[in-house]
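Below you'll find the structure, written out as structure tokens, and then a few comments.
No lab work stands behind these numbers, since they all come straight from the coordinates. Quantities reported herein were computed from a predicted structural model and do not represent experimental measurements. As a convention, Cβ positions derive from the backbone with ideal geometry for all residues, glycine included, and neighbour counts pool all protein chains shown.
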Amino acid sequence: MDFHDLPLQEQLLLARRGTSYFAQRLGELSDADLDGGTLLDGWTRRHLVAHVGYNAAALCRLMDWAATGTETPMYESAEQRGREIHEGATSPAAALRNLFDHTVARLDEKWRNAPTAAWGAQIRTAQGREVLASETAWMRTREVWIHTVDLNNGGRFGVFPEVVLDTLLTDIVGMWRKKTLGSGLVLAPIGVTPVAVDAESAVEVTVSGPKEAVVRWAAGRGAVGVEFDGPRQHPPTWL
């Protein structure tokens with residue numbers, strides 16, 4: 001099943017579950033641990049927590065746009081977004097944790113109080129995609145589940161809900177196809193029909209393994225538990 005086929009309240013529940021998972025892993029880190037590295041090159045856990053917090057704030061702006069009709073973009077610019085994250089990463093640990101808690105609460109409030117009509121309003125993502133406001137549920141779900149793994153303190157793709165794994169796989173392959181990347185690549189999760197990224201190109205490498213391992217590799221989080229039938233390689237960029 002695809003995430004987008006679920007009723008809206010179930011979608012929001014999955015986003016909230018992912019937020020709780022991130023909060024749990026964050027809570028297990030000491031303030032000193034926040035200086036440690038993540039699975040994202042060049043980012044400490046401080047950068048990651050700031051990013052996840054400010055992402056919630058950005059989605060609040062999209063929900064305001066949907067509710068009022070007044071355009072309020074996620075970010076003023078890519079430069080502003082990057083500056084916000086790097087400045088946030090220098091905040092005291094208590095302020096950084098508060099940023100996460102406060103923005104999570106604000107986003108949840110925006111979702112709970114959104115007029116029914118707002119969910120069908122058209123908004124625009126930071127990448128320029130025109131989507132309905134209901135897409136914010138998936139945007140946040142993807143964000144918090146994956147970034148919990150990025151905290152690098154025990155988060156696992158193996159605990160992701162099945163529908164999140166399935167939709168991530170669809171999302172990633174779709175982005176590769178849109179960017180004309182992944183020629184010759186086949187993904188073959190156990191128990192799932194293999195997916196050729198470009199059905200017209202000759203197969204060069206097949207990546208197989210448990211679904212959570214294949215999705216982890218495709219999302220750029222490392223080749224843990226996958227096998228390569230062909231040359232071992234890094235996945236194409238998807239975001």
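Structure summary
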{"read-out": "Gyration tensor verdict on region 1-60 (Cα atoms; rounded if a/c is under 1.5, prolate if a/b is larger than b/c, oblate otherwise)", "value": "prolate"}
{"read-out": "Pairwise FRET efficiency - ALA32 versus GLN127, Cβ, R0 = 35 Å, nearest 0.05", "value": "0.50"}
{"read-out": "Region 177-216-region 39-84 distance, computed between alpha-carbon centres (Å)", "value": "31 Å"}
{"read-out": "For the chain, share of DSSP beta bridges that run antiparallel, in % to the nearest 5", "value": "65 percent"}
{"read-out": "Cα centre as origin, Lys/Arg/Asp/Glu Cβ charges: region 1-143 dipole, Debye", "value": "160 debye"}
{"read-out": "Positive-end residue, region 105-239 charge dipole about Cα centroid, Cβ charges, pick of ALA117, ALA188, VAL207", "value": "ALA117"}
{"read-out": "Percentage of interatomic Cα-Cα distances in region 161-229 larger than 20 Å", "value": "19 percent"}
{"read-out": "Magnitude of the charge dipole, region 161-229, Cβ model with Lys/Arg +1 and Asp/Glu -1, debye to 20", "value": "240 debye"}
{"read-out": "Listed peptides 230-237, 140-147, 153-160, 16-23 by packing density, highest first (mean Cβ within 10 Å)", "value": "140-147, 16-23, 153-160, 230-237"}
{"read-out": "Relative compactness, the chain, computed as alpha-carbon Rg over 2.2 N^0.38 Å", "value": "1.03"}
{"read-out": "Sequence-separation-based contact order of the chain, relative, with Cα cut under 8 Å and 6+ spacing, percent", "value": "19 percent"}
{"read-out": "Local electrostatic count at ALA114 - Lys and Arg +1, Asp and Glu -1, tallied over other residues with Cβ under 14 Å", "value": "+1"}
{"read-out": "Among beta bridges that DSSP assigns inside region 161-229, antiparallel share in %, nearest 5", "value": "50 percent"}
{"read-out": "Cα gyration tensor, region 82-184 - rounded (a/c under 1.5), prolate or oblate", "value": "oblate"}
{"read-out": "About the Cα centre, charge dipole magnitude for the chain (Lys/Arg +1, Asp/Glu -1 at Cβ), debye", "value": "220 debye"}
{"read-out": "Cα-based reach from LYS178 at 18 Å (exclusive), listing aspartates and glutamates while leaving out same-chain residues under 8 positions away", "value": "GLU130, ASP198, GLU200"}
{"read-out": "Translational diffusion coefficient (Stokes-Einstein; Kirkwood radius from C-alpha pairs) of region 31-108 at 25 °C, 0.890 mPa s, in µm²/s", "value": "188 µm²/s"}
{"read-out": "Counted charge near SER208, where neighbours are those whose Cβ lies closer than 12 Å (Asp, Glu -1; Lys, Arg +1)", "value": "-1"}
{"read-out": "Calculated from backbone phi, Karplus (6.51, -1.76, 1.60) coupling profile of region 130-147 in Hz, x at Gly/Pro", "value": "8, 9, 7, 4, 4, 5, 4, 5, 6, 4, 6, 4, 4, 4, 6, 5, 5, 6"}
